[in-house]
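Q: Just dropping this structure here.
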Amino acid sequence: MSDQRHDDWTDGPELSAEAAQARREGVEAASGSESESVRLAEIRLLDRWIGDVLAEQRRSRRWKIFFRLLFVGVVIAGLALSAYGLLLAQGQDAASGERHLGVVDVWGPSMPRGRRVPSAS
């Protein structure tokens, strides 16, 4: 068994706090332009993500407006058809207020075929 401990998370030897701090400072100093390119890539990623979120919000708002207008149109069409049926589509006979009578011939299974039911005239 060796005294060196191995860190599976970093795939390398485990460092003391001082050695990790020294390594971090060395990496930060050596990768100044590299960290700048990473920062710019993150900014581009965030810009693209924010743009996609805003586009999705616009699409959602447009569909919501479309369905609201569709619903209002259906309600108005229903009200217009109801008003037309109740107020404007009445015939002249019904509008005059005269009495009228409808005569209906009734045939059923208990009646012979050649016999006619007397009407109430």
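Q: From the list Ser37, Ser16, Ser31, which residue is modelled with pLDDT under 95 and loosely packed, with under 10 Cβ neighbours inside 10 Å?
A: Numbers: Ser37 fails: loosely packed, with under 10 Cβ neighbours inside 10 Å; Ser31 fails: loosely packed, with under 10 Cβ neighbours inside 10 Å.
So the residue among Ser37, Ser16, Ser31 that is modelled with pLDDT under 95 and loosely packed, with under 10 Cβ neighbours inside 10 Å is Ser16.
Q: Okay, moving on. Determine, yes or no, whether Leu86 is surrounded by 10 or more Cβ atoms within 10 Å (Cβ to Cβ), modelled with pLDDT of 80 or more and on the phi < 0 side of the Ramachandran plot. Break it down into steps so the answer makes sense when it comes.
A: Values: surrounded by 10 or more Cβ atoms within 10 Å (Cβ to Cβ): no; modelled with pLDDT of 80 or more: yes; on the phi < 0 side of the Ramachandran plot: yes.
Spelling it out, it is not the case that Leu86 is surrounded by 10 or more Cβ atoms within 10 Å (Cβ to Cβ), modelled with pLDDT of 80 or more and on the phi < 0 side of the Ramachandran plot.
Q: Something else: Residues to consider are Gly97, Gly73; find the one that is small (Gly, Ala, Ser) and at pLDDT 95 or above. Can you show your working first?
A: Details: Gly97 fails: at pLDDT 95 or above.
Answer to the check: Gly73.
The values are calculated or read from the model by the stated rules, or taken from the named source; none is laboratory data. Given the structure is predicted, the values throughout are model-derived calculations rather than measurements. Don't worry about glycine lacking a Cβ; one is built from the backbone with ideal geometry, like all the others, and counts go over all protein chains shown.
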